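Enquirer: I have a structure here, written as structure tokens, and I will follow up with some questions on it.
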Amino acid sequence: MTVTKKINIKKPELLIPAGNLEKLHTAVLYGADAVYIGIAGLSLRAQSAEMSLADLADGVRKAHARNVKVYGAANTFARNADLEQARQIIPELTGIGLDALIVSDPGMIKLIRSIVPQLPIHLSTQANTTNAEAVRFWRDQGVRRIVLARELNLKEIGEIAAAVPEVELELFVHGAMCMAYSGRCYLSAFFNRRSANQGDCSQPCRWEYRLQEATRPAEPLLLEEDERYSYLLSSKDLCLIEHLPEIISSGVVSLKIEGRMKSSYYVAMVTRTYRQALDSLSQNPEGYHNNPQWMEELNKISNRGYTTGFAFAAEKINATNPDIKHIQTHEPAGTVLEYDASQKRILLDVRNHLAAGDELELLLPQETVKIHTGTMIDLNGDNLSAAHGGNRIYLPLDGEAPVGALVRKQVNCSGNHSL
Ligand code: SF4
């Protein structure tokens, strides 16, 4: 899309998920303005996507050194017992230097305001804020920013921004879509005791279902919309990169990417792509056009097909996805551990199987560079015909590569991998 009319562009923040220190480093390297991180014991995410207070402090130091903000997610829906734990943890946040806390639960907001009143509060999307009066209500409780409900469209978002301009608005622009209203769902907890409301959803809404009449157990009926399966509970992933001018014009100040459980490869690709698009838009708003390469890059991370979600709809169920599996054309090959300038080579921490002759791509923050695996050398200096996850190998590279840069490999398949 080429933008012809004059648009009001105020460069928004690009907010990236960081489930651990490695992903924080990746987000910073590839262009995040801010990252969000689960705080162990307070977050609406599984433990694998939370950080201890020590790691959090380390992450904040590293991010601030690159002028990147850090928001701590404390968005659990607290039970009474959780409040006791929160009372222990919250005072320890003082001194870590977090830029804000993301919170869902009114009780937690009250607790945080009383213990660390200086810490800005962002209201999580789980709080399901859908109108201007609700925004005013939360403003009066001391909330600085609101992550709007994902069910709102851009017209409604623009109306809210105009009505309550003193409150910052944040919007999800990319990532997995949940079929439950603002993520409030019991399906996963019911099926396998992994509660979505505690950040541990196993996504059973994407499974295949059959209808069974009680006296005919051997004759289950497949709930089928076409020859493959029923998509009635299965959503495509959200992707709004082709609509950044409209989104920014609506008045949101922060564009949020979903996926604290996703891989460093996902973090790198989504951050780099949205960074390039936002920079292009702010540098030349009138001449802005979508670069087809951005969508091509986003198609190279595991996805379920993309949708614009609710951005342009009054109220609808998300478009369903004809591909039951993830679409996956590339997989992570490894991470750069060092660049050896004297020998013009990188040391790669290998993630997946590599064979001599595989064509790899090095993902630099600004560009993609091809690497050939004709010469793979191990730490003893021996030539290898193959390498496996956990190996460390040298690969030739003329230009420099930063530590933490990702390398990917084409796989040309669809599957259940989660990248
Ligand atoms: S099971 Fe599906 S609908 Fe329910 S919380 Fe998980 S992703 Fe959302």
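The values are calculated or read from the model by the stated rules, or taken from the named source; none is laboratory data. What you see is a predicted model, and the numbers here were worked out from it, not measured in a lab. Ideal geometry is used to build each Cβ from the backbone, glycine not excepted, and the neighbour counts take in all protein chains shown. The area values use the complete protein model at the heavy-atom level, side chains included, leaving out ligands, DNA and RNA. Shrake-Rupley method; radii C 1.70, N 1.55, O 1.52, S 1.80 Å.
Enquirer: Check each of the GluC sites (Glu not before Pro) in the stretch 63-168 and keep only those in coil by DSSP with at most 10 other C-beta atoms within 10 angstrom; list them in order.
Expert: Values: sites: GLU84, GLU92, GLU133, GLU151, GLU156, GLU159, GLU166, GLU168; in loops: GLU151, GLU166.
In loop regions of the stretch 63-168 (DSSP not H, G, I, E or B), the sparsely surrounded GluC sites (Glu not before Pro) are GLU166.
Enquirer: Which aspartates and glutamates, if any, have their Cα less than 14 Å from the Cα of LYS344, not counting same-chain residues under 8 positions apart?
Expert: Here the aspartates and glutamates satisfying the reach criterion relative to LYS344 are ASP398, GLU400.
Enquirer: Moving to a separate point now. Report the rotationally averaged projected area of the stretch 327-383 based on its alpha-carbon convex hull, in square nanometres. Walk me through the intermediate numbers first.
Expert: Numbers: hull surface 19.2 nm².
Here the figure is 4.8 nm², rounded to one decimal.
Enquirer: Which part of the stretch 254-283 falls in the paramagnetic zone of ASP349, meaning amide N under 20 Å from the point 7 Å along Cα-to-beta-carbon?
Expert: Counting only backbone N, you get 260-272.
Enquirer: What share of the DSSP beta bridges in the chain is antiparallel, in percent to the nearest 5? Present the calculation step by step, with values, prior to reporting the outcome.
Expert: Details: 40 of 71 bridges.
Once the DSSP bridges in the chain are tallied, antiparallel ones form about 55 percent.
Enquirer: Taking the dipole about the Cα centre of the chain, with the C-beta of Lys and Arg at +1 and of Asp and Glu at -1, give me whichever of PRO217, VAL252, ALA341 is farthest to the positive side.
Expert: Going by the charge dipole, the pick is VAL252.
Enquirer: Taking H placed 1.01 Å from N in the peptide plane, check which residues at least 5 places from THR373 or on another chain put their amide H under 5 Å from its amide H.
Expert: The answer is GLY357, ASP358, LEU360.
Enquirer: Taking the Cα-to-Cβ direction at ALA40 and at GLU338 and moving 7 Å from each Cα, how far apart do the two end points lie in nm?
Expert: 3.0
Enquirer: How much accessible area per residue does the chain have, in Å², with a 1.4 Å probe? Let's see the in-between values first.
Expert: Numbers: 19090 Å² over 419 residues.
Per residue, the chain has an accessible area of 46 Å².
Enquirer: Next question, about the same structure. From the protein chains alone at 1.4 Å, what is the descending order of accessible area for GLU13, GLU208, GLU170, largest first? Provide the component values of the computation, followed by the final result.
Expert: On the way: GLU13 25, GLU208 85, GLU170 0 Å².
Result of the area sort, largest leading: GLU208, GLU13, GLU170.
Enquirer: Once neighbouring chains are kept in place and the probe is 1.4 Å, which whole percent of the accessible area of the stretch 41-188 is contributed by carbon and sulfur?
Expert: Working: 3130 of 6470 Å².
Carbon and sulfur: 48 percent of the exposed surface of the stretch 41-188.
Enquirer: Further, regarding this structure: Over 29 Å between C-alpha atoms is what I'm after, so list which of LYS62/LYS256; LYS110/LYS155; LYS110/LYS262; LYS11/LYS62; LYS110/LYS256 land there. It would help to have the intermediate numbers written out before the result.
Expert: Working: LYS62/LYS256 21 Å; LYS110/LYS155 32 Å; LYS110/LYS262 31 Å; LYS11/LYS62 23 Å; LYS110/LYS256 25 Å.
Pairs exceeding 29 Å: LYS110/LYS155; LYS110/LYS262.
Enquirer: With each label point set 7 Å from Cα along the Cα-Cβ vector, what nm distance links ASN80 and VAL369?
Expert: 6.1
Enquirer: If you don't mind, another one. At a 1.4 Å probe, what is the % contribution of carbon and sulfur to the accessible area of the stretch 327-415? Spell out each step's value before the answer.
Expert: Values: 1900 of 4290 Å².
C and S fraction of accessible area: 44 percent.
Enquirer: Name the residue, out of ALA27, ALA386, ALA176, whose mean-square fluctuation peaks in a Gaussian network model built on the chain with Cα pairs under 10 Å.
Expert: Checking each option, the largest mean-square fluctuation is seen for ALA386.
Enquirer: Here is a further query. So how do TRP207, TRP294 rank on accessible area, 1.4 Å probe, biggest first, that is with the largest at the start?
Expert: Values: TRP207 105, TRP294 15 Å².
The most accessible residue leads, giving TRP207, TRP294.
Enquirer: With each pseudo-label sitting 7 Å past Cα toward Cβ, what's the SER52-ASN299 distance in nm, one decimal?
Expert: Computed distance between label sites SER52 and ASN299 equals 4.4 nm.
Enquirer: OK, next. In a Gaussian network model over the chain where Cα atoms closer than 10 Å are linked, find which of GLY259, GLY309, GLY399 has the largest mean-square fluctuation.
Expert: GLY399
Enquirer: Further question on the same structure: Might you work out the accessible area of TYR181 for me, using a 1.4 Å probe with all protein chains in place, and round it to the nearest 10 Å²?
Expert: Rounded to the nearest 10, the figure is 110 Å².
Enquirer: If you don't mind, there's one more thing I want to ask. Per DSSP H run of at least 4 residues, take -39500 (n - 2.57); add these up for the chain, divide by its residues and hand me the 222 nm value, nearest 500 deg cm²/dmol.
Expert: Values: 10 runs with 104 residues, N = 419.
The per-residue figure over the chain is -7500 deg cm²/dmol.
Enquirer: Say we join alpha carbon atoms closer than 10 Å with springs in a Gaussian network model of the chain; which of ALA401, ALA214, ALA189 then has the biggest fluctuation?
Expert: Of the options given, ALA214 has the highest mean-square fluctuation.
Enquirer: Still on this structure, please answer the following. What are the DSSP H helices in the chain that stretch 15 Å or more along their long axis, judged by alpha-carbon atoms, and whose average Kyte-Doolittle hydropathy comes to at least -1.0? List each step's numbers first, then the result.
Expert: Numbers: long enough: 53-65 (18 Å, 0.00); 80-93 (20 Å, -0.49); 264-283 (28 Å, -0.28).
Flagged H segments are 53-65, 80-93, 264-283.
Enquirer: Quick one: what are the phi-derived ³J(HN,Hα) couplings along the stretch 33-38, Karplus 6.51/-1.76/1.60 with θ = phi - 60°, whole Hz, x for glycine and proline?
Expert: Result, rounded to whole Hz: 8, 7, 10, 10, 9, x.
Enquirer: Could you give log10 I(q)/I(0) at q = 0.22 Å⁻¹ for the stretch 103-157, computed by the Debye formula over C-alpha point scatterers of equal weight, without solvent?
Expert: The calculated log intensity ratios at q = 0.22 Å⁻¹ are -0.79.
Enquirer: Please work out the Kirkwood hydrodynamic radius for the chain, using every pair of different C-alpha atoms, and report it in angstroms with one decimal place. Before the final figure, lay out each step's value.
Expert: Working: mean 1/r = 0.0436 Å⁻¹.
Averaging 1/r across every pair of different Cα atoms and inverting gives 22.9 Å.
Enquirer: Continuing with the same structure: Given the options ALA18, VAL167, ASN128, identify the residue whose Cα lies farthest towards the positive end of the charge dipole of the chain (+1 on Cβ of Lys, Arg; -1 on Cβ of Asp, Glu).
Expert: VAL167
Enquirer: Which trypsin sites (Lys or Arg not before Pro) from the stretch 76-159 combine a DSSP loop assignment with at most 14 other Cβ atoms within 10 Å?
Expert: Numbers: sites: ARG79, ARG87, LYS110, ARG113, ARG136, ARG139, ARG144, ARG145, ARG150, LYS155; in loops: ARG79, ARG150.
Answer by residue number: ARG79.
Enquirer: Between ILE115 and GLU242, what is 0.36 nm times their sequence separation minus the Cα-Cα distance? Round to one decimal in nm.
Expert: Details: separation 127, 0.36 × 127 = 45.72 nm, distance 4.22 nm.
Extra length from ILE115 to GLU242 when fully extended: 41.5 nm.
Enquirer: Now, a different point. How high is the FRET efficiency between GLU92 and ARG392 when r is their beta carbon distance and R₀ equals 45 Å, given to the nearest 0.05? Intermediate values should be presented prior to the final figure.
Expert: Working: r = 37 Å, r/R0 = 0.81.
Efficiency, rounded to the nearest 0.05: 0.80.
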